[in-house]
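Accompanying notes for the structure given below.
Each value in this text was obtained by applying a stated rule to the coordinates, not by laboratory testing. All values reported here derive from a predicted model rather than from experimental measurement. Here Cβ is always computed from backbone atoms with ideal geometry, including for glycine, and neighbour counts include all displayed protein chains.
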């Protein structure tokens with residue numbers, strides 16, 4: 001996928017990756033997610049956007065279903081997340097794999113947004129110098145030594161594994177957090193509506209305390 005490419009019929013807008021990160025974090029919190037999940041989701045979104053993946057709509061779909069407790073089956077040899085959601089269970093799955101307490105593979109059944117999971121894995125790979133492999137209905141996608149197969153990833157059961165790779169993808173040719181990037185999908189408005197829920201209504205007391213221009217405007 002070409003960086004910044006917009007799908008037909010989508011709204012093409014340009015923002016910095018910092019603006020995208022802030023919106024994704026606030027939208028996740030507005031949808032009821034804890035701050036830690038909001039940060040993880042926003043970092044994954046930026047990681048994907050730097051590689052030309054339109055992230056707004058897929059994140060909006062996943063967080064729009066709200067936060068809920070994970071349904072985990074620990075009886076099998078492989079820990080399984082049932083009816084998995086990337087924004088909820090994907091964050092937990094990455095943490096469990098990094099802790100290395102439940103083996104090197106986790107199953108996420110019926111995962112809603114596998115591309116978001118790949119973004120979460122990409123961020124973790126860069127932070128911890130490890131590799132991840134995703135086996136899904138479209139094939140195998142990996143992150144660590146390289147990033148492969150964005151377009152082949154489809155919703156469905158995913159096997160997420162931790163690999164021994166300690167080399168991460170070179171990102172020197174990718175956009176920085178301050179560079180303008182094209183947000184090539186209509187999910188921006190959906191995310192904005194969720195982020196709006198985190199805003200505090202203006203009041204006379206808030207203006208006296210320093211919100212907005214206050215009682216005087218001497219700019």
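Before moving on, here are some points about what is shown:
- Debye intensity ratio in log₁₀ form over the Cα atoms of the range 71-113, taken at each q of 0.15 Å⁻¹: -0.30
- Shape of the range 13-70, Cα gyration tensor, a/c cut at 1.5: prolate
- Fewest-first ranking of 111, 23, using other Cβ atoms within 10 Å as the exposure measure: 23, 111
- Ranked list, fewest to most other Cβ atoms within 10 Å of each Cβ, for 47, 188: 188, 47
- Distance between the modelled labels on residue 127 and residue 70, one decimal in nanometres: 1.4 nm (7 Å Cα→Cβ projection).
- The order of 25, 65, going from fewest to most other C-beta atoms within 10 Å of their C-beta, is 65, 25.
- Comparing Cα centroids, the range 76-98 and the range 21-73 end up 15 angstrom apart.
- Linear extension gain, residue 198 paired with residue 159, 0.36 nm per residue minus alpha-carbon span: 10.6 nm
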